[in-house]
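This report refers to the structure that appears directly beneath it.
Here, each number is a calculation from the coordinates, and none is a lab measurement. Everything numeric in this text was worked out from a predicted model, so none of it was measured. Ideal geometry is used to build each Cβ from the backbone, glycine not excepted, and the neighbour counts take in all protein chains shown.
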Amino acid sequence: MSYEPIYFDLEELVCPHVFNKYGAMAWQFLDPRLLKTLDIIRTRIGKPMFINSWKEGGKFDERGFRCIQCDIVKKAIAEDKLYVSAHMLGQAVDFDVLGLISEEVRQWIVKNQGILPYAIRLESAVSWVHLDVRESNEKKVTFFKP
Ligand SMILES: [Zn+2]
């Protein structure tokens, strides 16, 4: 069952490879838990959030769903590395919030974790916010290092 978010366009959530091939059908690749969580955070934090920017000619195109034609994945395959990322399962995004550094956003999420409908993971100590819904334990917010 898919969920179309209020605040985010599909192009912000998938790479151009997938968007160009599947169009609106690509919603099916995104975990509804992730999409609902993003809408709830966006509503409560009250500031613009930025994921992919490729539609407007920006540099970000791998911050949401990643396919095997995306550079990060292609590089891992070329180097014969294992690559298992929540981004490839439609369960992760990297984002920024206007006017806040990533650590402030992570602290805001921890402080406001009561609003979260599902358990999430946040990547520690990176200059963007990585959020995914891969975790399913009882803790609302789990931090991880890559
Ligand atoms: Zn791709």
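Quick notes
- q = 0.11, 0.13, 0.21 Å⁻¹, the chain: log10 I(q)/I(0) [Debye, one scatterer per Cα]: -0.39, -0.55, -1.46
- If you sort the three axes of the alpha carbon gyration tensor as a ≥ b ≥ c, you get a/c of 1.5 or more for the stretch 74-146 and a/b no higher than b/c, which makes it oblate.
- Principal-axis tilt of helix 102-111 within the chain, Cα atoms, nearest 10 degrees: 50
- Ellipsoid equivalent to the stretch 1-52 - semi-axes via the Cα gyration tensor, in Å: 20, 13, 7
- Local net charge near Cys70, Cβ-Cβ under 12 Å (Lys/Arg +1, Asp/Glu -1): +1
- Cross-link table Lys55/Lys81; Lys47/Lys145; Lys47/Lys111, entries beyond 22 Å C-alpha to C-alpha: Lys55/Lys81; Lys47/Lys145
- Distance between modelled label sites at Phe144 and Leu100, nm, 7 Å Cα→Cβ extension: 2.2
- Split the chain at each of the GluC sites (Glu not before Pro) in a DSSP loop with at most 11 other beta carbon atoms within 10 Å, and the longest piece is 1-78.
- Gain upon complete extension [Trp108, Ser127; 0.36 nm per residue less C-alpha separation]: 5.3 nm
- For trypsin sites (Lys or Arg not before Pro), the sites in the stretch 67-125 that DSSP calls loop and that have at most 11 other Cβ atoms within 10 Å are Lys81.
- Modelled spin-label separation between Glu56 and Lys81, with each label point placed 7 Å from Cα along the Cα-to-Cβ direction: 3.0 nm.
- Between helix 32-45 and the chain: long-axis angle, C-alpha atoms, 0 to 90°, nearest 10: 50
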